[in-house]
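The next block holds one structure in the form of structure tokens; read it before the comments.
The values are calculated or read from the model by the stated rules, or taken from the named source; none is laboratory data. None of the values given here were measured: they were computed from a predicted structure. Every residue, glycine as well, gets a Cβ built from its backbone with ideal geometry; the counts of neighbours run over all protein chains shown.
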Amino acid sequence: MLYTSLNNPKIKEIRKLKEKKYRDKEEMFLIEGAHLVEEALKANVLKEVFVLEGYNFSFDGIVNYVSREVMKSLSELPSIPKVIGVCQKQKGKIVGNIVVLDDIQDPGNLGTIIRSSVAFNVKTIILSEKCVDIYSPKVLRAAQGMIFHINIIKEDIVKTLPKLKANGYIICGTKVDAGKEIKLLEKNKKFAIIMGNEGNGVQKDILDFCDEYLYIPMNKACESLNVAVATSIILYELGR
């Protein structure tokens, strides 16, 4: 079927998924572009697709064709994508090594941390309740489809950290002073690395849960690193 009207009830319902409150209500979200849709297809979370009129996309599920005007209304991109997918949110579980994110606000940072976590074999990301929405278009684009290859959980990390400790995890925070060089950390243990907010770092009451504090040796002229860069370096070193 070809949808050409912006006022079609189905199109109006799908367009609501551009807003967080509807994504939360429906437990679904949108992804844009063939690459992200292909990644969702591999992960078996793709529910249906909206394909630009005149473009072919192979999918065994529901395929809806739309005009350029309708596709533009569904998209957040400056240039109109050829395909948009509707995905089901997945419930993550805690397995393997973990990255814990305390109130990360920048979508690009969160997307990059997701990509680095997958690249360096972290299995789970736990987000504090005030972190940026992982299903926002900017996060999804920055993550480049890696959101479908890792367990992601959003919950109260103050309540979660004691449970991790009880299950044998070493809780590691970051400190510019009084920290341990990453290469000195014992690597045969299960670990959970806590990374903090872009402006304020990790909250003190959360740092108090830490068994170890890590730091990245660097030129003293540089006061700090972007949180996504710092996370990537730490995960690379721990994975060596």
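Every condition in (1) surrounded by 16 or more Cβ atoms within 10 Å (Cβ to Cβ); (2) aromatic (Phe, Trp, Tyr); (3) not in a loop (DSSP other than H, G, I, E, B) holds for residue 236 except the one numbered (1). With respect to the conditions (1) within 18 Å of residue 121 (Cβ to Cβ); (2) modelled with pLDDT of 80 or more; (3) not charged (D, E, K, R), residue 200 falls short on a single one, namely (1). Every condition in (1) under 30 Å from residue 240 (Cα atoms); (2) in contact (Cβ under 8 Å) with a residue 60 or more places away in the chain; (3) polar (S, T, N, Q) holds for residue 67 except the one numbered (1). Being modelled with pLDDT of 90 or more, part of a loop (DSSP other than H, G, I, E, B), touching a Cys at 6+ places or on another chain (Cβ under 9 Å) and surrounded by 13 or more Cβ atoms within 10 Å (Cβ to Cβ) is a property that holds for residue 210.
With the structure loaded, tell me whether residue 73 is more than 19 Å from the chain's Cα centre (by Cα), at pLDDT below 95 and of a type in the set (Ser, Thr, Tyr) or whether it fails that test. So that I can check it myself, show each step before the final result.
Values: more than 19 Å from the chain's Cα centre (by Cα): yes; at pLDDT below 95: no; of a type in the set (Ser, Thr, Tyr): yes.
No, not satisfied.
Selection of helices (runs of 4 or more DSSP H) fully inside segment 87-194 by the criterion of at least 2 residues being among the aliphatic types (A, V, I, L, M) and more than 20 Å from residue 19 (Cα to Cα) returns 107-119, 157-166. When 114, 14 are checked against the criterion of being surrounded by 13 or more Cβ atoms within 10 Å (Cβ to Cβ), of a type in the set (Val, Ile, Thr) and assigned by TED's automatic domain parsing to the domain that holds residue 190, 114 stands alone in meeting it.
In segment 60-79 there is no residue that is among the aromatic types (Phe, Trp, Tyr) and not in a strand (DSSP E or B).
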